[in-house]
1. Can you report the number of residues in the range 50-67 which are assigned to a helix (DSSP H, G or I), of a type in the set (A, V, I, L, M, F, W, C) and open to solvent by 30 Å² or more (accessible area, probe 1.4 Å)?
2. Among the residues in the range 200-223, are any part of a helix (DSSP H, G or I), more than 30 Å from Pro248 (Cβ to Cβ), out of contact with any Lys or Arg (no Cβ under 6 Å at 6 or more places or on another chain) and modelled with pLDDT under 80?
3. So which residues in the range 204-254 are touching a residue at least 12 places away in the same chain (Cβ under 8 Å), within 19 Å of the chain's Cα centre (by Cα) and open to solvent by 60 Å² or more (accessible area, probe 1.4 Å), if there are any at all?
4. Answer with yes or no whether Ile101 is aliphatic (A, V, I, L, M) and either modelled with pLDDT of 65 or more or open to solvent by 90 Å² or more (accessible area, probe 1.4 Å) (or both).
5. So for the range 86-96 (the condition being more than 23 Å from Pro202 (Cβ to Cβ), surrounded by 10 or more Cβ atoms within 10 Å (Cβ to Cβ), small (Gly, Ala, Ser) and modelled with pLDDT of 75 or more), does at least one residue qualify?
6. Select, from Thr41, Thr46, Thr8, Thr70, the only residue that is open to solvent by less than 90 Å² (accessible area, probe 1.4 Å), over 25 Å from the mean Cα position of the chain (by Cα) and not acidic (Asp, Glu).
7. Determine whether Gly315 is outside any helix (DSSP H, G or I), at pLDDT 70 or above and open to solvent by less than 60 Å² (accessible area, probe 1.4 Å).
8. Taking Ala173 as meeting all but one of (1) open to solvent by less than 70 Å² (accessible area, probe 1.4 Å); (2) at pLDDT 80 or above, write down the number of the exception.
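The values are calculated or read from the model by the stated rules, or taken from the named source; none is laboratory data. None of these values were measured; they are calculated from a predicted model. Heads up, the Cβs are rebuilt from the backbone with ideal geometry, glycines too, and the neighbour counts pull from every protein chain shown. Areas reflect the complete protein model, heavy atoms only, side chains present, ligands, DNA and RNA absent. Shrake-Rupley method; radii C 1.70, N 1.55, O 1.52, S 1.80 Å.
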Amino acid sequence: MPGIQNTTLRQIILLLLITVIGLTLIWQLQYFIPGVLGAITFYIVTRNLFFRLIRKYKWKKWLAASTIITVLVLAFLLPVWLIVELLIPKFNYAFSHTDAIVRSANQLLETLKHYAPQIRITDEQIQQAVQKAAFIIPSFLNATLGMLVNFITALFLLFFMFMGGLKMEHHIARFLPMNNDNMNDLWQETRNLIISNAIGIPLLIVCQAAIAILGYFIFGVQQPVVWGVLTGVASIIPMVGTMVVWIPICIMMFASGDVGMGIGLTLYCAVIVSNIDNVLRFTLMKKIGDVHPLITVFGVIVGLQLFGVMGLIFGPLLIAYFFILTKIYRLEFSSFHKRDELTE
């Protein structure tokens, strides 16, 4: 009996040490957590392709890994380069023409007051808002730099994950306290959610941007491609989504005196752009990975706060894990479940 207690005590102490060291490492390396999550995402999405290249086509591991990583670099950098090329000139113009923007804002405000006299906004408030908006430029650049650093981290880890391959998966599986059937369920759920979001979110952005660009072009919005791309990117924002872009555009159109086009654009955006956003979010991702829409919506809200951009993928996964691990616990350890099996 004392020997058993001694063993249990040593086990508890060892687990505590492992937990403390693990939490310390996570705390110190938290800046790179999105990069680690990105590596996991890339590995799961491209895993089957990697093993097909080395098994069916007899490629060397390093060659298959390098080829996939090169494709990922092109697929990531081209859209980022496009967005930066579109937005940087806008930022530069706004930064160097602050006075002109303030005058335009005052004119817009006077027009709005004509239709809604209850609006109470002073020139000082407009000036402060423009000055605050100027900080978007360094924030945007910092966010882009941070994303680039985590992307490089993800590719660095991905190469070694590919080289480890099945051996790495085997070591991970050994530490999971569940039987093979439940382990397979967990893997399938993980794969479905990650593929659904990793493929579904870019498709959602592209489709939303194309629909927005078409509407902006039809109703005479200047530079429809720029605003359409921004609308597509805004579609990933929970709850408000594309409205953060198209509502200001519609207000500006009304303020410019083009009421007819303003009404048309408002109806187009409210009926088509906003609803297509919801339809694509609830059907496209479910069709790709059979993910419940509520898991996607609430998972994105939670994930963005925890993991930043990678939370778009791992937020829904976190919620799904809660339910599937609860199910696995019931199957593996619940006495009620075992009693039900005996009754049957």
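1. 3
2. There is no residue in the range 200-223 that is part of a helix (DSSP H, G or I), more than 30 Å from Pro248 (Cβ to Cβ), out of contact with any Lys or Arg (no Cβ under 6 Å at 6 or more places or on another chain) and modelled with pLDDT under 80.
3. Within the range 204-254, Val206, Met239, Met243 meet the criteria.
4. Answer is no for this residue.
5. no
6. Working: Thr41 fails: over 25 Å from the mean Cα position of the chain (by Cα); Thr46 fails: over 25 Å from the mean Cα position of the chain (by Cα); Thr70 fails: over 25 Å from the mean Cα position of the chain (by Cα).
Only one candidate passes the filter, namely Thr8.
7. Taking the combined requirement at face value, the residue does not satisfy it.
8. (2)
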